[in-house]
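Novice: Below are the structure tokens for one structure; questions will follow.
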Amino acid sequence: MNISVVIPLLNEQESLNELYNWIANVMQSNSFSYEIIFIDDGSTDGSWDTISELSQKDQYVKGIRFLKNFGKSQALHAGFGVAKGNVVITMDADLQDNPEEIPELYNLITKDGFDLVSGWKKKRYDSVIAKNLPSKLFNAAARKTSGVKLHDFNCGLKAYKNIVVKNIDVHGEMHRYIPVLAKNAGFTNIGEKVVLHQARKYGTTKFGMSRFINGFLDLITIWFMSHFGKRPMHFFGLIGTILFIVGFGISLYLGIDKLFIETKGRLIAQRPEFYIALTSMILGTQFFLAGFLGEIILTSKRSKERYSISEKIHL
């Protein structure tokens, strides 16, 4: 199979028929073998009914329905798990991503050898203050922190080799950082393509300003995980050891001073250095234990799914 199109969605019933027709026309006109996988992330507007109707008239339409809203990352994780195409295309269901981009994205993966190609919505039709400016700041911070030189990390329109989506773990709200996850997994041939951005035709956006705050917090998380995720003791243990040595050194000095130098001076407990030393040793021990516990946790794998599926179609 040439292409799997993975589409996470939440309450996008109005756009689904138009989106399906558009994708199907592109696929058929280019003679691609394909599947369209809709992941209904807990919609309440009848989106699943539309997906079911589409699947009845087209065997290439497949669907996964979550019991409730688990988030876009979980929806992508479920879609990646069942995708069979040599190239996996992700796009949003709100018609702001243009399916006409699919053939060129496919060629960039199959002919130019990219592991991942991310869309870049160079010209956007969103609010400048509410979305465009925060997005630019967010992307600049992501480039600086991750070392991945992309202009638009959060663009939903992306293309992947199948092996890439099978080897990355998209969880929490890490869908914003899939290129970084891919790089950390060893897929370094990451490209970018300018894509058309279209104004939303139906409904309203599901994301507010809070997504940028969460995005920056997730960026810190993924930076830490990429540097110390497999060796937490190197981070926490180092800090803990330094703090403990500093505290122990101050304590040793206070002890020598009291026993041999100022034997009739203030009691050790009356000196502020004593509390600095005590605090340093306690914090050092706690950091060291945090690293040790992190190493223990890494020995176990995730055994429980992060979402619950109520129905599947053609899967």
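Every number in this text was worked out from the coordinates using simple rules, so none of it is lab data. All values derive from a computational prediction rather than experimental measurement. Cβ sites come from the backbone with ideal geometry, for glycine too, and all protein chains shown count toward neighbours.
Novice: Could you give the distance between the Cα centres of segment 23-70 and segment 146-205, to the whole Å?
Specialist: Answer, in whole Å: 21.
Novice: In degrees, nearest 10, range 0 to 90: what is the angle between the Cα axis of helix 13-29 and the longest Cα principal axis of the chain?
Specialist: Here the helix axis deviates by roughly 70 degrees.
Novice: Could you sort the peptides 287-297, 150-160 by per-residue average Cβ neighbour count (10 Å cutoff), highest mean leading?
Specialist: So the peptides 287-297, 150-160, ranked by packing, come out 150-160, 287-297.
Novice: Net charge near GLU100: determine it from the other residues with C-beta under 14 Å of the C-beta of GLU100, scoring Lys and Arg +1 and Asp and Glu -1.
Specialist: Residues near GLU100 contribute -3 overall.
Novice: Taking the Cα centre of the chain as the origin, how large is its charge dipole in debye, to the nearest 20, when only Lys and Arg (+1) and Asp and Glu (-1) carry charge on their Cβ atoms?
Specialist: It works out to roughly 1020 debye.
Novice: To continue, here is another question. ASP257 to ASN214: extension gain in nm, 0.36 nm per residue of separation minus the Cα-Cα distance?
Specialist: Additional length available on full extension: 10.4 nm.
Novice: A follow-up question, please. Packing-wise, with mean Cβ within 10 Å as the measure, how do 262-270, 75-83 rank, highest first?
Specialist: Highest mean packing first, the order is 75-83, 262-270.
Novice: If you don't mind, there's one more thing I want to ask. Just from its helices, what would the mean residue ellipticity at 222 nm be for the chain, if runs of 4 or more DSSP H residues each count -39500 (n - 2.57) and the sum is divided by every residue, rounded to the nearest 500 deg cm²/dmol?
Specialist: -14000 deg cm²/dmol
Novice: Among 140-149, 187-196, how do they line up from the highest to the lowest mean number of other beta-carbon atoms within 10 Å?
Specialist: 187-196, 140-149
Novice: Which entries in the list LYS111/LYS193; LYS62/LYS193; LYS84/LYS149; LYS111/LYS144; LYS68/LYS161; LYS57/LYS193 go over 24 Å, if you measure between the two C-alpha atoms of each?
Specialist: Cα-Cα > 24 Å for LYS62/LYS193; LYS84/LYS149; LYS111/LYS144; LYS68/LYS161; LYS57/LYS193; rest within.
Novice: Also, I was wondering about something else. State, as an integer percentage, the relative contact order of segment 15-76 based on alpha-carbon contacts under 8 Å between residues 6 or more apart.
Specialist: Once divided by the residue count of segment 15-76, the mean separation gives 38 percent.
Novice: Another one. What is the mean projected area of the alpha carbon convex hull for the chain, to one decimal in square nanometres?
Specialist: 20.4
Novice: For the chain, take the longest principal axis of its alpha carbons; what is the angle in degrees between that and the long axis of helix 238-256, to the nearest 10 within 0 to 90?
Specialist: The helix 238-256 is inclined about 10 degrees to the chain.
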